[in-house]
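To keep things clear, I will list the structure first and then write my remarks on it.
The values are calculated or read from the model by the stated rules, or taken from the named source; none is laboratory data. All of these numbers come straight from a predicted model, not from anything done at the bench. Here the Cβ positions follow ideal geometry from the backbone for every residue, glycine too, while neighbour counts run over all protein chains shown. When the accessible area is computed, the model is the full protein with side chains, heavy atoms only, and any ligands, DNA or RNA have been set aside. Shrake-Rupley method; radii C 1.70, N 1.55, O 1.52, S 1.80 Å.
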Amino acid sequence: MVRTVMVVDDRVGIRKLLHEVLQGAGYKVITAAGGNEAIKMIGQETVDLVLLDMKMSGMDGLETLTQLKKVCPQVIIMIMTAYEELEVLKEAARRGAAGYISKPFDIEELKDVVASKLRAESA
Amino acid sequence: MGGIWENIHVLTEEWSIFMETDKTCLISQVNDRTSSGCHDVVATVLNAVEALIVVLDLSGRIVIFNKRCEQLTGYTFAEVQGKDFRDILVIPEEKDKVGHDFSHVCASQFPSECESHWVTKSGEVHYIAWTSHGLPDKNGNIELIVSTGIDITTSKQTESALWDSEELFRELFNSANDAIFLCELTDQGLGKYLSVNNIAIQKLGYTNEEFLRMTPLTIPVVEKEKRDNLAQNFPDSSGSAFELTLIAKNGKEIPFELSVQYIHLQGKNIAMAVCRDITERKAMEEETLKTSKLESVGALAGSIAHDFNNILTVFLGNLSMARMFVKHDEKISSKLQDMEDAAMEGKALARRLLTFARGGEPIKRIFEVSALLDNVGGRALCGDHVKCVYEISMDILPVEVDEGQITQVINDILLNAIDSMSGRGTIFVQAGNVKDHERRHFLKDGPYVKIAVTDEGPGIPPDNLSRVFDPFFTTKDSHSGLGLATAFSVVHKHQGFITVESIEGFGPTFTIYLPAVAVIAEESSGTDTTGNGKILVMDDELYVRKMAGEMLEVLGYKPDLAADGEEAYTMYRKAREAGEPFHAVIMDLSVSGGIGGKEAVQKVLAYDPQAKVIVSSGYYNDPVMSDYTCYGFKGCLEKPYTMKELHNVLQRLLQEA
């Protein structure tokens, strides 16, 4: 069964890159440019894992995380951050984030993390 | 006082004239108080004067006691006649003194003056100023003593009150915490100082006499123009507070906050300057400014690093993919590799920026300072031409710090020292407890230790001294200028402080102040093997859990191993049910393809709320590691760990009830 990954980032370059990398790894990939778009999409599609940027214009990552978990409590949400502020990470963990990955990441490392989280969830 | 004695002299002189002219009458009266002739005249004079008049024979017996004496003392002449005045009228405390004075009076030149207390019949005490004359007999020998007195009780009390009030004023003047200067204001402007208090003398080092030769316009100051303006505008400038830096006799510049008041005292116009030493306040303001400047630059650096990392993500990701697409073309692959290498350098720079921007929350553990200094890489960098001399106090307290961060700070300072000496010279590292007299105003309560690093380089020029902790400030092309800025940020996050002092021509001294742990941690030489108890180790990496198991066995514990959270939970439950429970569990935080420590601890705690679970991870920056108690863990073990660290964590945990 093809798993679906949603990429939420306000930077088009990152969305495009992750789309290509994850699609190449065999996932179905959907992208959202912000929190509102992501919430709308998660209600329409079955999503297994979300890669969510923390610092976005408009609705920020923490708020998006809360809303996504409300709509879809079982979804695995991985935080992407370019600036690991410990307080933000702690708060994200409290709101149900399953882990985080620091930018810039190695694409192979990213693929490993996504695969490992999805494996753990189905185990 | 002058007035009183003047009155007495006048009275005495009048009396003397009277005595000279009518001595015969008086003597005849003495011999026979009822004799007629001059009796009425004498009696009238004696009783009309306001002065006390008492005539005594040479043994102190009362011969005459005028009306004023009767009124003051409450005794009639009849009651005191022929009695020794010392027995009736002198207060007990003064009897000896008055007796001595009386003998002196009898033998002395007249008139003689003295003051003494008289006690009245009702017990009231009056203070009397006396003038005494000797009255000779026909042969010229002194026969009687005539004493004229004035009651000066009231004026004495006023004088005493005035003296007390002057004393009080002087006491207040000298016990003030601020320096106080008084100077006269004349038509020509501010004159010489009239008085300065003790604090002024202490702070500026001039003697009182030296001050009294100065004026507010000649006392040395740094801001001469400002001072002259204020002086010229006085008294219009009075009442307002302003800052001025005075120069002490030893050349030290001391910033003061001055408030000048215009007062009128003892008929003089006086300018009173109250000057508060604001050295500490100024230093604190500067430190606060420096900290807030670093914080704002840190925020900026963090923001740049954030954007930079996002850009690098796209850049590096696409480069990796491009390399996959063109893997058969060596020329393009090589160019792409060069680009990736450059991008990786950018990634390292962003890391450094982030380290400075937030320092990383310290994960603190208790360390001996000597152990920290042992781990500093700079020591290894000291080659043939650089020597490090360590001087560590025997009684130095341990510190609770993030080992990695603090050794990095000391290392950066040592590298800085080696650079500044051009790789040749001696570095002195001194460490000890901060003593009371060494405490700096920016330290909080509680014990501190200080680590001071001094080198033999050329020192830091004064203009650069205040900027050495500024981010990107460097005098060397090869440096990023983030080392000392990061050191400042890291030490600050440890509730510590870092300072630099340098006299040009001498090497600078960097001093790190760190909060100390008051209770000295038990320190054993070498690792003991007295461990006891069953320990469960969960790690998904085989070699890690095998290594942990071996270490535990050496330490004396009985280890069991699990590959993931689920297995660990099952083993924990079974052991407990079998009556052989584990005393502690060490769990890896992230487990690939299985339940990690964060979820597993919850399962174990749900089964046994008293379980002692330690989290272990190489991701020291993970929020679970720095805030492990919130997640239910009782301890934290940062990978890679030594046997001693493993033992210390377990011992602490197993000793807890």
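If I take every Cα pair under 8 Å that is 6 or more residues apart in chain B, average their sequence separation and divide by the length, what percent do I get for the relative contact order?
Result for chain B is 6 percent.
Give me a comma-separated list of calculated 3J(HN,Hα) values for the range B:313-320, in order, Karplus coefficients 6.51, -1.76, 1.60 applied at θ = phi - 60°, integers in Hz, x for any Gly or Pro.
Residue by residue, the range B:313-320 yields 4, 5, 4, 5, x, 5, 4, 4 Hz.
Identify, among B:ILE88, B:LEU172, B:VAL491, the residue whose Cα sits farthest towards the positive end of the charge dipole of chain B, taking +1 on the Cβ of Lys and Arg and -1 on the Cβ of Asp and Glu, with the dipole about the Cα centre.
With unit charges placed on the Cβ atoms, the residue in question is B:VAL491.
Take the eigenvalues of the Cα gyration tensor for the protein assembly as shown, scale each by 5, and report the square roots as semi-axes in whole Å, largest first.
In descending order, the three semi-axes are 96, 33, 26 Å.
With the cut-off at 1.5 for a/c, could you classify the range A:4-122 from its C-alpha gyration tensor as rounded, prolate or oblate?
Verdict is rounded for the range A:4-122.
Return the sequence-ordered ³J(HN,Hα) values of the range B:260-266 in whole Hz as given by the Karplus equation 6.51 cos²θ - 1.76 cosθ + 1.60 applied to θ = phi - 60°, using x for Gly and Pro.
Along the range B:260-266, the couplings run 10, 10, 9, 10, 10, 9, 6 Hz.
Once both axes come from the Cα atoms, what is the angle between helix B:95-107 and the longest principal axis of chain B, in degrees from 0 to 90, rounded to 10?
50
What is the distance in Å between the Cα centres of the range B:259-330 and the range B:93-110?
82
For the range B:285-298, what does the Karplus curve 6.51 cos²θ - 1.76 cosθ + 1.60, with θ = phi - 60°, yield as ³J(HN,Hα) per residue in whole Hz, taken in order and with x for Gly and Pro?
4, 5, 5, 5, 4, 4, 5, 5, 5, 5, 5, 6, 5, x
Got a sec? Charge dipole of the protein assembly as shown, +1 on Cβ for Lys and Arg, -1 for Asp and Glu; which of A:ILE79, A:THR4, B:VAL314 is way out at the positive end?
Farthest along the dipole direction, towards plus: A:THR4.
Put +1 on the Cβ of every Lys and Arg and -1 on every Asp and Glu Cβ in the protein assembly as shown; which of B:ALA51, A:ILE101, B:SER333 then has its Cα farthest towards the positive end of the dipole?
Ranked along the dipole, the leading option is B:SER333.
Report in % the part of the accessible area of the range A:4-122 that belongs to carbon and sulfur, leaving out ligands and nucleic acids; probe 1.4 Å.
47
Relative contact order, percent, of the range A:4-122 when contacts are C-alpha pairs under 8 Å separated by at least 6 residues?
Reported as a whole number, the value is 23 percent.
Can you list the residues, at least 5 places off or on another chain, whose amide H is less than 5 Å from the amide H of B:TYR390, using H built in the peptide plane?
Amide H neighbours of B:TYR390: B:VAL429.
How shielded is B:313-325 by partner chains, expressed as the average number of their Cβ atoms within 10 Å of its Cβ atoms?
Numbers: counts 14, 10, 3, 6, 13, 6, 1, 5, 5, 0, 0, 2, 0.
For this peptide, the per-residue mean of nearby foreign Cβ atoms is 5.
Give the accessible area for A:ILE39 in Å² (nearest 10); use a 1.4 Å probe, count only protein heavy atoms, and leave out ligands, DNA and RNA.
Surface open to solvent at A:ILE39 totals about 40 Å².
So how strong a dipole does the protein assembly as shown carry about its Cα centre when Lys and Arg Cβ are +1 and Asp and Glu Cβ are -1, to the nearest 20 debye? Mind dumping the intermediate values first?
Working: 78 positive and 114 negative charges, 585 e Å.
The dipole of the protein assembly as shown has a size of about 2820 debye.
Leaving ligands and nucleic acids out of the surface, order B:TRP163, B:TRP118 by accessible area at 1.4 Å, largest first. Could the numbers behind the result be given before it?
Numbers: B:TRP163 150, B:TRP118 10 Å².
In descending accessible area the options line up as B:TRP163, B:TRP118.
Going by amide H atoms built from the backbone, whose H comes under 5 Å of the H on B:ALA516, apart from near neighbours?
B:TYR448, B:VAL449
In peptide B:622-629, what is the residue-averaged number of other protein chain Cβ atoms found within 10 Å of each Cβ?
The per-residue average across the peptide is 4.
Suppose every K and R has +1 on its Cβ and every D and E has -1 on its Cβ; what is the size of the dipole of the range A:4-122 about the Cα centre, in Debye to the nearest 20?
Values: 15 positive and 18 negative charges, 62 e Å.
Approximately 300 debye in magnitude.
How big is the C-alpha Rg of chain B next to the rule-of-thumb value 2.2 N^0.38 Å, as a ratio?
Output field value: 1.78.
What average number of partner chain Cβ atoms lie no more than 10 Å from the Cβ of the residues making up A:89-96?
3
Please give every one of the lysines within straight-line cross-link reach of B:LYS121, meaning a C-alpha to C-alpha distance under 29 Å, and leave out same-chain neighbours fewer than 8 residues apart.
B:LYS67, B:LYS83, B:LYS95, B:LYS97, B:LYS156
Could you pull out every residue, at least 5 positions away or on a different chain, whose amide H is within less than 5 Å of the one on B:ASN269? Hs are placed 1.01 Å off N in the peptide plane, and Pro or chain starts have none.
B:LEU185
Test of understanding: express the Cα radius of gyration of the range B:424-477 as a ratio to 2.2 N^0.38 Å, with N the residue count.
With N residues counted in the range B:424-477, Rg over 2.2 N^0.38 Å equals 1.48.
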